[in-house]
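Presented below is the structure to which this report refers.
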Amino acid sequence: MSKFWSPGVSELTPYTPGEQPRERLIKLNTNENPYPPAPGVEQVLRDYSIDHLRLYPDPDSRALREALAKEHGVEVEQVFVGNGSDEVLALAFQAFFRQPLPLSMPAISYSFYPVYCRLYGVDYRTVALGDEWQVPLEAFDPQSGGIIFANPNAPTGHGHGRDTIAALLERVTECVVLVDEAYVDFGGESAVPLVERYPNLLVTGTFSKSRSLAGLRLGYAIGSRELVEGLERIKNSFNSYPVDSLASAIGVAALEDKAYFEACREQVITTRERTRHRLGELGFEVLPSQTNFLLVHHPDHEAAQLFVGLRERSILVRHFNTEALRDFMRISIGTEDEMNSLIEAMEAMIR
Ligand SMILES: *Cc1c(COP(=O)(O)O)cnc(C)c1O
């Protein structure tokens with residue numbers, strides 16, 4: 001509390017990011033990619049002319065948007081980029097969700113959404129997840145100020161196919177439907193091909209997870225020209241240069257190397273399925289996942305205790321101390337070696 005703060009600042013509940021430890025730990029708590037970025041990224045860093053840093057970057061990030069447009073089969077005017085998808089989401093809340101009707105979101109999803117609601121004064125309603133932990137798209141009220149959900153969802157890992165998203169968009173036509181695809185590359189189905197047909201669909205993505213660039217801060221949105229223009233109006237009223245020139249160049253290089261990208265994501269998927277199987281053998285209930293993490297629960301062991309035990313063995317996972325998730329741990333998929341260490345630690349605690 002401070003008398004210098006604007007009214008309302010002391011009432012905010014900021015997002016709590018996963019810990020970034022100083023000591024060397026096996027870090028399976030924030031869904032980073034265990035593999036390095038594409039080799040072309042390193043080349044950009046080696047060749048980058050220091051003189052570029054003297055100048056402001058392109059405010060429209062044209063080169064990066066063109067590369068994303070090509071990658072996703074859309075026009076460059078349908079692509080928006082920002083300083084991480086968290087920033088893109090924040091701008092989308094301002095551009096589309098400050099409406100008279102409340103925003104709708106799943107009761108369990110990315111915990112940043114309610115944080116933005118409070119920050120921007122957006123009223124919201126939640127819908128409970130279904131029996132299979134799926135986001136019940138049929139439960140979303142078309143009379144909403146907007147709809148937002150992650151697909152595949154976090155931290156549950158469940159994802160809907162494109163047809164199911166299309167069915168939602170047939171029903172909901174009067175507000176923006178924002179589909180957060182931070183994890184789509186690990187086995188989900190992207191809704192991007194639907195943006196041509198549904199002008200109210202906005203899909204967001206990130207370079208942080210499947211492109212191994214969480215430290216760079218690069219995210220994007222794809223949608224109709226009118227939605228992208230709305231985002232640009234907010235962006236240009238806030239910060240004309242959210243994406244620096246180095247980040248742009250690195251983003252382009254990361255998109256170019258398709259073979260590396262495929263190999264990386266396939267390895268994460270293979271390791272995920274192997275880990276899921278081995279945790280199952282130890283008596284864990286493990287939700288099916290289309291992401292680079294697993295949500296796990298053990299019927300005979302408290303998640304909070306397992307979390308502490310892992311930490312003592314230098315392994316960091318995520319435990320959410322909320323009513324719905326208290327019995328679970330979210331475990332990011334690391335390298336094969338890292339997951340072997342995790343399994344060994346679990347074995348030692350459970351046996
Ligand atoms: C990681 C994550 C983001 C944020 O990604 P950044 O681009 O690193 O800001 C957004 N949405 C979900 C669901 C995420 O898990």
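A short reminder: the numbers here are calculations on the coordinates, not readings from a lab. Everything numeric here is computed off the predicted structure, so don't read it as measured data. Glycine also receives a Cβ, built like all others from the backbone with ideal geometry; neighbour counts cover every protein chain displayed.
Data for the structure
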read-out: About the Cα centre, charge dipole magnitude for the chain (Lys/Arg +1, Asp/Glu -1 at Cβ), debye; value: 740 debye
read-out: Mean residue ellipticity (222 nm) of the chain, computed from DSSP H runs ≥ 4 via -39,500 (n - 2.57), nearest 500; value: -11000 deg cm²/dmol
read-out: Per-pair calculated FRET efficiency, R0 = 25 Å: residue 336 and residue 24 via Cβ, rounded to 0.05; value: 0.85
read-out: Exceeding the 27 Å Cα-Cα cut-off - candidates 70/235; 235/258; 209/258; value: 235/258
read-out: Taking 291, 16, 204, 30 and counting other C-beta atoms within 10 Å, the order from fewest to most; value: 16, 30, 204, 291
read-out: Estimated distance in nm for a label pair at residue 256 and residue 300, the labels positioned 7 Å out from Cα along Cα-to-Cβ; value: 5.5 nm
read-out: Filtered GluC sites (Glu not before Pro), segment 105-209: DSSP coil and at most 12 other beta carbons within 10 Å; value: 132, 174
read-out: Within a Gaussian network of the chain (alpha carbon springs, distance under 10 Å), most fluctuating of 298, 72, 52; value: 52
read-out: Added length on full extension, which subtracts the Cα-Cα distance from 0.36 nm per residue, residue 226 to residue 4; value: 76.1 nm
read-out: Simple label model, 7 Å out from Cα along Cβ direction - residue 52 to residue 111, nm; value: 3.7 nm
read-out: Rounded to whole Hz, the Karplus (6.51, -1.76, 1.60) HN-Hα couplings of segment 252-269, x for glycine and proline; value: 4, 5, 5, 6, 5, 8, 5, 5, 5, 4, 4, 4, 5, 5, 5, 5, 4, 5
read-out: Nearest-0.05 FRET efficiency for residue 43 and residue 173, computed from C-beta distance (R0 35 Å); value: 0.15
read-out: Backbone HN-Hα couplings from phi across segment 42-54 [Karplus 6.51/-1.76/1.60, Hz, Gly and Pro as x]; value: 5, 4, 4, 5, 5, 8, 5, 7, 4, 5, 4, 6, 5
read-out: Solution diffusion estimate, µm²/s, Stokes-Einstein, the chain, Kirkwood Rh from C-alpha pairs, 4 °C, viscosity 1.567 mPa s; value: 61 µm²/s
read-out: Fraction of beta bridges assigned by DSSP in the chain that are antiparallel (%, nearest 5); value: 50 percent
